[in-house]
Structure formats: C-alpha cells, structure tokens
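Structure first, commentary second.
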Amino acid sequence: MGAIFVAPLLIGVLLVRNSADRNAIANEVSRDIASMYSQGVDFSKTENQNIALRVAEGSGLRLDQGRGVVILSKLRIVKESDCGEGPCANLGRPVVVERFVIGSRELRGSSFGVPSGLDPTTGKVANWATDPSARAGEVALNLKPGEFTYAAECYLATADAGSGVYTRALF
C-alpha cells in the first residue's frame, strides 16, 4: 500500500534532481565561456570555438551533437558619437555589436534578439547604431554609453520535445 505513494514521490525527486543537474551544467558552461569571451578570446576562429566545445565537454555536454547551444553576444549602449550624421534609432539603447553561435542554433534563439546585419564569419553586426534589429531587447544593463558587456546564453535540450534548460552569464 505504501508503494502507491512512495513510487510517484521517488520519480518526482529523480526528475527534479535531473533538472537541477542540467541547470548547474548550463550555468557552468555559460559562465566559463562568457569569461573567455570577456577576456578577448576571438570566437570567429574555429580553433577557439573548438576550445568552447571542449569546455562544454568537460562539463559532460556535447554541443556538437545537437543537444545544446551557446550564444555569445557583445552588447553596448549606443552613444551620440556612434551615430554619425544620420538618424540614430538606437541612441541610448543596448545593442548587439557582435554575435557567435556554437552548437545547434536551431534549438533556441537569443534572448537579446536577432540582428539582421550579422556577418557569420566575423561575428560583427553592421550598422548596430542605426539598425533597430540590432537592439538587445529589454535587458537591464548597468553600463555607461560606450561601455561593453559580454553575454553567454546556454540552452540544453531535454529528452522531452520542446523543453530544455536556459541560463545566461554576463561579464
């Protein structure tokens, strides 16, 4: 009779523990790779992307097997001198000036938007000061105009279709 109550309880405990473990892994991966990015690692180079894959692998995550994605974004607040002569649609707003995606990009997009002028080989966003698509959304950044912050978002898919664990780290 006790098994009727204990079995569902144990299953629930295992599911919560598994979710917590995946969240810890995603947190660790996003924090480690954001730290590398903020220290100047150029993720436009394949060898540096391979280092990020190995960092994730060290945490038990294989980004190259379609189960996860790391999205790196360099964000900044647009100041007047960034705008040039024309209209400045993004003045005073946070924008994405650089973006790299490592892993399965179809799993999840960035919470910081999708800039239209992104060069996939260099990661640079063209016209970030004037192009509204470069806006980083409603992110609260404690930056002065002209300063940068580096963000790493990590998404790990779970066995359930359409669900997963998302974390991000800002440096």
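Brief remarks follow.
- Some residue of segment 20-38 being modelled with pLDDT of 90 or more and outside any helix (DSSP H, G or I): no
- Restricting Gly109, Gly113, Gly60 to those that are touching a Lys or Arg at 6+ places or on another chain (Cβ under 8 Å), part of a loop (DSSP other than H, G, I, E, B) and either at pLDDT 95 or above or over 18 Å from Ser35 (Cβ atoms) (or both) reduces the list to Gly113.
- Per the conditions (1) over 22 Å from Leu156 (Cα atoms); (2) crowded, with 20+ Cβ neighbours inside 10 Å, the sole criterion not satisfied by Gln49 is (1).
- Looking across segment 94-144, the residues that are among the basic types (Lys, Arg) and surrounded by fewer than 17 Cβ atoms within 10 Å (Cβ to Cβ) come down to Arg105, Lys124, Lys144.
- Being farther than 24 Å from Ile51 by Cβ, of a type in the set (Lys, Arg) and part of a strand (DSSP E or B) is a property that Arg76 has.
- Test for Thr167: is it buried (at least 17 other Cβ atoms within 10 Å of the Cβ), in contact with a helix residue (DSSP H, G or I) (Cβ under 7 Å, 6 or more places away or on another chain), of a type in the set (S, T, N, Q) and over 30 Å from Arg62 (Cα atoms): no
- Close pairs from segment 124-146: first at pLDDT below 90, partner of a type in the set (Lys, Arg), Cβ under 9 Å, at least 6 apart: Leu141/Arg76; Leu143/Arg76; Lys144/Lys79; Pro145/Arg76; Pro145/Lys79; Gly146/Arg76; Gly146/Lys79
- Which listed residue is surrounded by 19 or more Cβ atoms within 10 Å (Cβ to Cβ) and on the phi < 0 side of the Ramachandran plot, from Lys79, Lys74: Lys74
- Members of segment 116-132 found to be of a type in the set (Ser, Thr, Tyr) and either assigned to a strand (DSSP E or B) or out of contact with any Ser or Thr (no Cβ under 9 Å at 6 or more places or on another chain) (or both), listed by number: Thr130
- Sole exception among (1) farther than 23 Å from Val29 by Cβ; (2) surrounded by fewer than 14 Cβ atoms within 10 Å (Cβ to Cβ); (3) touching a Leu at 6+ places or on another chain (Cβ under 9 Å) for Gly66, by number: (1)
- Filter result for Gly109 (in contact with a helix residue (DSSP H, G or I) (Cβ under 7 Å, 6 or more places away or on another chain), of a type in the set (Gly, Ala, Ser) and within 30 Å of Arg62 (Cβ to Cβ)): no
- Scanning segment 79-103 for residues that are part of a loop (DSSP other than H, G, I, E, B) and of a type outside the set (Asp, Glu) yields a count of 9.
- Matching residues, segment 133-166, being closer than 21 Å to Ile33 by Cα, part of a strand (DSSP E or B) and not aromatic (Phe, Trp, Tyr): Thr149, Ala151, Ala152, Glu153, Cys154, Leu156, Ala157, Gly164, Val165
The values are calculated or read from the model by the stated rules, or taken from the named source; none is laboratory data. Note that this is a predicted model, so its numbers are computed, not measured. We place every Cβ from the backbone using ideal geometry, glycine too, and count neighbours over all the protein chains shown.
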